[in-house]
Amino acid sequence: MTGRFLTVEGIDGAGKSSHLAALSEAVRSRGAEVVMTREPGGTPLGEKLRGLVLHDAMDGVTEALLMFAARREHLVQVIEPALARGAWVVCDRFSDATYAYQCGGRGLDRAVFAQLEALVHPERQPDATFLFDLDPGVAAARQRAQRREPDRFEREAEAFFGRVRDAYLERARTHAKRFHVIDASTPLEAVRASLMAAFARACP
Ligand code: Z5A
């Protein structure tokens, strides 16, 4: 069996984490091995870097470099070996998140992003990306209901998430073949059904 690389994306609170288990189960039901992982993170070093980028103040370019450093380890240690043995990788965020958050949110030059992407994964892109799209105001209200200590990104203003959302949608337009935009404003079961329909279209 050939491995496939699936990613889920969206602004903070859009609801992607709520559907990761169901997506993995849909893959598993086809008889494939599933590797569920996340970014930043996914390796011991990547998880240490995650702690830094989520909690320590830093320059925007430093932030982008750390995201890509964690990603390189993740690709070399986890993603590529899994795909090579025929497993399916379901990853909570990948480089589209850097495009959305660091370019869209923080203003990182898109040409710098393209250079880093070419260095870190010149030939690897997800086979399919499921983008949970939601108005930042609605997402913020959902996050507030969780009542946990917010990280550096979660403390950003609604306008930041508006720019992140726009950058995601821009990326979805320029990579229309692999992106599947899910309307995340509907009730949980309806979002799940849209995701499953998109999965069936992406991986017939
Ligand atoms: N980041 C970056 O800047 N650059 C990069 O390259 C990468 C990441 C890779 C951590 O990501 C941060 O890293 C992220 C971007 C940055 N920061 N932010 N903000 P993360 O993915 O680990 O963290 P997250 O985005 O904060 O994920 P999350 O907290 O798990 O949110 P979510 O997955 O979008 O939502 P959720 O937990 O599934 O749902 C949120 C709440 O809404 C929860 O109470 C649900 O029960 C509820 N919910 C979900 N769906 C619905 C529906 N349909 N209706 C009503 N309520 C719902």
Net charge within 14 Å of residue 57 by Cβ-Cβ distance, Lys/Arg positive one each and Asp/Glu negative one each, not counting residue 57 itself?
-2
Longest to shortest principal axis, alpha-carbon extents of the chain, angstrom
43, 39, 32
Cα-Cα pairs of segment 107-174 separated by more than 18 Å (percent)
54
Between residue 169 and residue 123, what length in nm is gained on full extension when 0.36 nm per residue of separation is reduced by their alpha carbon distance?
14.3 nm
Please give the contour-minus-distance gain from residue 20 to residue 111: 0.36 nm per residue of separation, less the Cα-Cα distance, rounded to one decimal in nm.
29.6 nm
Hey, what's the chain come to in accessible area per residue, 1.4 Å probe, Å²?
47
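Please compute the contact order of segment 5-202 in relative form: average sequence separation of alpha-carbon pairs under 8 Å and at least six residues apart, divided by the residue count, as a percent.
32
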I need the peptides 85-95, 117-127 ranked by packing, meaning the mean over residues of other C-beta atoms within 10 angstrom, with the highest value on top.
85-95, 117-127
Rounded to two decimals, what is the ratio between the C-alpha radius of gyration of segment 30-142 and 2.2 N^0.38 Å?
1.11
Length gained when the stretch residue 176-residue 144 is fully extended (0.36 nm per residue, less Cα-Cα span):
8.3 nm
Which value results for Rg/Rh of segment 131-204 when Rg is the Cα radius of gyration and Rh the Kirkwood radius based on the inverse mean 1/r?
1.02
From Cα pairs below 8 angstrom and at least 6 apart in sequence, can you work out the relative contact order of segment 61-158, rounded to a whole percent?
27
Output the DSSP H helices from the chain with an along-axis C-alpha extent of no less than 20 Å and a mean Kyte-Doolittle hydropathy no less than 0.0.
60-74, 188-202
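The values are calculated or read from the model by the stated rules, or taken from the named source; none is laboratory data. Just so it is clear, the model here is predicted, and its values are computed rather than measured. A quick note on method: Cβ atoms are made from the backbone with ideal geometry, for glycine too, and the neighbour counts reach across all protein chains shown. Areas reflect the complete protein model, heavy atoms only, side chains present, ligands, DNA and RNA absent. Shrake-Rupley method; radii C 1.70, N 1.55, O 1.52, S 1.80 Å.
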